[in-house]
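To start, the structure under review is shown below, and the notes come after it.
The values are calculated or read from the model by the stated rules, or taken from the named source; none is laboratory data. All figures in this text were calculated on a predicted structure; none of them were measured in a lab. Cβ coordinates were reconstructed from backbone atoms using ideal geometry, including for glycine residues, and neighbour counts include every protein chain displayed. These accessible areas exclude ligands, DNA and RNA; they are computed on the full protein's heavy atoms, side chains included. Shrake-Rupley method; radii C 1.70, N 1.55, O 1.52, S 1.80 Å.
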Amino acid sequence: MSILNVLIVDDDPSVLILLDSALSKNGYQVHKAPSGEEALRILESLDIDLVILDVVLPGIDGLTTLKEIRHHPINGKVPVLMLTSKDSEIDNVIGLELGADDYISKPIRYHELIARIKAVLRRTDQSAPTSSSKISFRSLEMDLATRSVTLNGRELQLSFKEFELLGYLAKKPGRVFTRNEILDAIWSEDVFWETRTVDVHIRRIRKKIEATGQSSCLIETVRNVGYRLPSSF
């Protein structure tokens, strides 16, 4: 099994030492950056498997750095775990909107950190065998092998969890899935998430759908229940 490369981005030396020690003990190869600018340079030169990114950074902040990562043609799908202050709910929500895969609040608890890292890497393991099957529903095409999505012939750039969520709904059009059902299916290894996480990811998918010229009603909200893809659209 190859050693996974983790990039820690934080300007606090004590946090870097703590995370370096914790990750090294668990077999990860650790790289460190004190700023967003340095993190982006490292991502250009090294094959990074996971980024742990603090929100508060000198120069460009963590959320801006996350946005730059997600817009990169090669590094855009690298999983990102955000570090936030304990009560910074707005940062958590914005981070999810911008494409963060998970977040953890400071002060960092060792066992929670390792659990979240393992869960993110499990979900985004690109070396795992993939199926060559495809999902076709009206004008929606999803290729499970290449993890590509097209709608009306136009490509949708979805994050890992966005792809999983849309595919979950597309496998059974017309059926209503509750938020808890979606959480259990897509975030089954993560005991820390709340149902609003589903709402954030649905909102992100809808924005990307609208950008192709397709109505966001491709994903319907069933009030007080959950979400579904309509049997026809």
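Having 1 or more residues that are open to solvent by 70 Å² or more (accessible area, probe 1.4 Å) is the bar; report the strands (runs of 3 or more DSSP E) wholly within segment 1-97 that clear it.
Per the criteria, 29-33.
Would you mind stating whether Ser136 is exposed (fewer than 14 other Cβ atoms within 10 Å of the Cβ), modelled with pLDDT under 85 and in a strand (DSSP E or B)?
Spelling it out, Ser136 is indeed exposed (fewer than 14 other Cβ atoms within 10 Å of the Cβ), modelled with pLDDT under 85 and in a strand (DSSP E or B).
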